[in-house]
Protein chains: 2
Amino acid sequence: MEELRIFAPATVANLSCGFDVLGCCLENVGDEMLIRKNDLREIRITKITGQELPLESDRNVAGVAVQALLKEARSTQGFDIEIDKKIKAGSGIGSSAASSAGAVYAVNKLLGEPFSKNELIKFAMEGERLASGNAHADNVAPALLGGFSLVKSYEPLEVLKLPSPPELRMVILHPLIEIKTRDSRAVIRQNVSLQKAIFQWGNLAALVSSLYTEDYALLGRSLKDEIIEPFRSILIPHFDKLKAIALENGALGFGISGSGPSVFAMCKGEENAENVRGKLEGFYADKNIAFELHLSKINTQGIKELS
Amino acid sequence: MEELRIFAPATVANLSCGFDVLGCCLENVGDEMLIRKNDLREIRITKITGQELPLESDRNVAGVAVQALLKEARSTQGFDIEIDKKIKAGSGIGSSAASSAGAVYAVNKLLGEPFSKNELIKFAMEGERLASGNAHADNVAPALLGGFSLVKSYEPLEVLKLPSPPELRMVILHPLIEIKTRDSRAVIRQNVSLQKAIFQWGNLAALVSSLYTEDYALLGRSLKDEIIEPFRSILIPHFDKLKAIALENGALGFGISGSGPSVFAMCKGEENAENVRGKLEGFYADKNIAFELHLSKINTQGIKELS
């Protein structure tokens, strides 16, 4: 195999009570990438469409992720990478993760799969390190594995794939504003009350249970975050009103995707998700803020190969 | 039915990363109770063997739990309660919870089951309030429901029963020392670092997953507690050494039961549990501290009716 065309999905990290550990993968929001072997023993980002991003492979998240993989594989094979970016940078739905995860997935495949999907996570994390200074796994893991990913621990890195109840739908509202990483980090308290931490882990434990038992109502009752959301939501225009609208219209839960500005409504069933999407759209329409809306199933496969 | 004889099991609360939310139920450690209707419209603790405990029903955990149940049931039926205490008070394996849970279970049955097992939890919690000043549910819930109980939240009270992998065994070592509630509370920090809280909820989420998938190795890797154990373990003689012995001999995990002084080793299979029990016994034998040892399956049923 000389080249591979793939779909690299968007992802939602920091899922409510699962801050820093739980993410999920989207079905119909993502980039397309073409990765092709070259004879130059080097990684070249040959084309990026849809967005202005660095073409130097040392400064591109896909480039550094592939370099990390090749180093561990002790391979001198070169690759050309084309990226058609459809996920906006800074959206909070894993734009950099899609590129990093997509690139290592394709390169691994073209090399004859020396690594498992789980082993690819640590290479893709190097892209995240370049993008944000923090080699986090909660976007690249669901992009690679699909479904819901639990980052149990970093030392050692251990990631679990959790089940995805089939009727789940994600409505994503992306207000086209910029939240500076500096600001989204600054608002987080580095100490929390034990009482709130217990509330958070009780909810996360129940959420994990609900994924196994497909108990949608319990999932909804568990999608709570009293530790991060109260502070980060301040940076998102009309967050409280959006949340109220989603919940009043039957969404299971509502929260911040990643570190924002995108927000998500998790819904049971297509019909409810369509309704919630319409209500959010109607509310935001006259707010003088440009926005995008997505409605997606949970993508249980992760990165997909395109014919 | 005029009377009921029951087995009221011991329980392990504060299971490592599940501090305050996760407990499990033991199979062969517990009290026996006999509850009989009387014609006096009052609750009488007619006999307690095995331990010195208050006979006044207002000062006895079983008495106040039954009173809470009868009040909500609007019943004036009276009951005589006999308790043969085999679980030592202050052991950290749910002595008061067994009496409270056992009493409300039997009374509910004798009244024709006006309440579900889940609904009985809140009445039994009144016994815990009397015993410790804190109406916690993480012992009474597993005593009533059996298996592993997750206390998702208190307002509203929501408790889930989680699956119990069949090969699990609990080895309990109870050093016969007294830890004052005041001391076990005083050592807990009321604020924790966000980083440690995230580590804790990542492990708890993985632990819940392991119960569903019967992944014993993952369960072992998840039984970690960096928030409470480092402080409370100081109150338990030779804790670090006991833990090292258990883990070196193949236990999945080791931690404090409740607020101590009992400690538990969770093991896979009878053979490993027997080995770990022997090693712990051998180590403690010359330490000039009296102790008891138990080895138990997980009791998936909770309270049992005796013929």
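Taken over segment B:276-296, the criterion of being of a type in the set (Asp, Glu) and touching a Lys or Arg at 6+ places or on another chain (Cβ under 9 Å) is satisfied by B:292 alone. No other residue among B:195, B:190 is modelled with pLDDT of 95 or more and within 11 Å of chain A (Cβ to nearest Cβ) apart from B:195. Taken together, B:137, B:106, B:124 contain a single residue that is aliphatic (A, V, I, L, M), buried (at least 23 other Cβ atoms within 10 Å of the Cβ) and either part of a loop (DSSP other than H, G, I, E, B) or modelled with pLDDT under 95 (or both), which is B:137. What do you reckon, is residue A:233 under 26 Å from residue B:194 (Cα atoms), modelled with pLDDT under 95 and more than 12 Å from chain B (Cβ to nearest Cβ)? Criteria not met by residue A:233. Highlighted here are the strands (runs of 3 or more DSSP E) found entirely within segment A:1-99 that include at least 3 residues which are under 30 Å from residue A:204 (Cβ atoms) and either among the aliphatic types (A, V, I, L, M) or in contact with a helix residue (DSSP H, G or I) (Cβ under 6 Å, 6 or more places away or on another chain) (or both): A:3-12, A:22-38.
All conditions but one from (1) buried (at least 24 other Cβ atoms within 10 Å of the Cβ); (2) under 30 Å from residue A:218 (Cβ atoms) apply to residue B:115; the one that does not is (1).
In this structure, is residue A:165 closer than 23 Å to residue B:215 by Cα and surrounded by fewer than 16 Cβ atoms within 10 Å (Cβ to Cβ)? The answer is no for residue A:165.
Looking only at residues of segment B:168-198 that are hydrophobic (A, V, I, L, M, F, W, C) and assigned to a strand (DSSP E or B), we find that the one that is farthest from residue B:25 (Cα to Cα) is B:192. Put simply, of A:208, A:159, A:151 the only residue that is within 25 Å of residue A:6 (Cα to Cα), within 9 Å of another protein chain (Cβ to nearest Cβ), modelled with pLDDT of 95 or more and buried (at least 24 other Cβ atoms within 10 Å of the Cβ) is A:151.
If the condition is being within 21 Å of residue B:193 (Cβ to Cβ) and either more than 9 Å from every other protein chain (Cβ to nearest Cβ) or more than 21 Å from the chain's Cα centre (by Cα) (or both), then segment A:211-227 contributes A:225, A:226. Can you name the condition, by its number, that residue A:179 falls short on among (1) of a type in the set (A, V, I, L, M); (2) within 9 Å of another protein chain (Cβ to nearest Cβ); (3) more than 27 Å from residue B:150 (Cβ to Cβ)? All conditions pass for residue A:179, except number (2).
The values are calculated or read from the model by the stated rules, or taken from the named source; none is laboratory data. Owing to the predicted nature of the structure, the values given are computational and were not obtained by experimental measurement. A quick note on method: Cβ atoms are made from the backbone with ideal geometry, for glycine too, and the neighbour counts reach across all protein chains shown.
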